[in-house]
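No lab work stands behind these numbers, since they all come straight from the coordinates. What you see is a predicted model, and the numbers here were worked out from it, not measured in a lab.
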């Protein structure tokens, strides 16, 4: 049956207002494209639905879901433990950055042309705290009193840089030789098949050695 009636889009329980695709088909397209990475060209071939129709339906869906983003941001800010990071990302051949802000139940993505602290500030809110590129403090963010988890991978890389920067300094060489293996041990601890009690014991021991 044609979705058009008297020049107007028909609506039903299974179709969003002013949409050409049914809700189940629309959800299938969105999950396949955005979650599993199936291209719209492949979906066009599989579903026998025109590329333009698929693109238009996803744009309409994006406009409907846009108000949800602010609610997710508020929930993210209220979470007692939160994570933020960014990495290089190319879109249509142009360099940029993909930002991830997540908790154990929420994942927020920002695709931007910059790794400026302004991006983190918009999501973390004010006051906010975080780590910037390379694991350093995000500039221009007002810190709050809370526990801050440093990235062991960034610390290990910084330690390695010290070794390269001061190759003739015995004290630094000894420092790197002592600290680098401990950081590596800490990074791999969760990959071991340990009971919670064993994990806490080894983590406490490793932490004490790192501090010493």
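Quick check: convex hull of the Cα atoms in the stretch 62-116, volume per residue, rounded to a whole Å³? Working shown, then result.
On the way: hull volume 5.3 nm³, N = 55.
So the per-residue hull volume is 96 Å³.
Could you give the distance between the Cα centres of the stretch 151-212 and the stretch 35-83, to the whole Å?
Using only Cα atoms to place each centre, the spacing works out to 40 Å.
Restricting to Cα pairs below 8 Å that are 6+ residues apart, what does the relative contact order work out to for the stretch 152-211? Please round to a whole percent. Please list the in-between numbers first.
Details: 34 pairs, mean separation 20.6, N = 60.
It comes to 34 percent, rounded to a whole number.
Rounded to the nearest angstrom and ordered from largest down, what semi-axes does the equivalent ellipsoid of the stretch 152-211 get from its C-alpha gyration tensor (root of 5λ)?
Details: eigenvalues 145, 25, 9 Å².
Over the Cα atoms of the stretch 152-211, the semi-axes work out to 27, 11, 7 Å.
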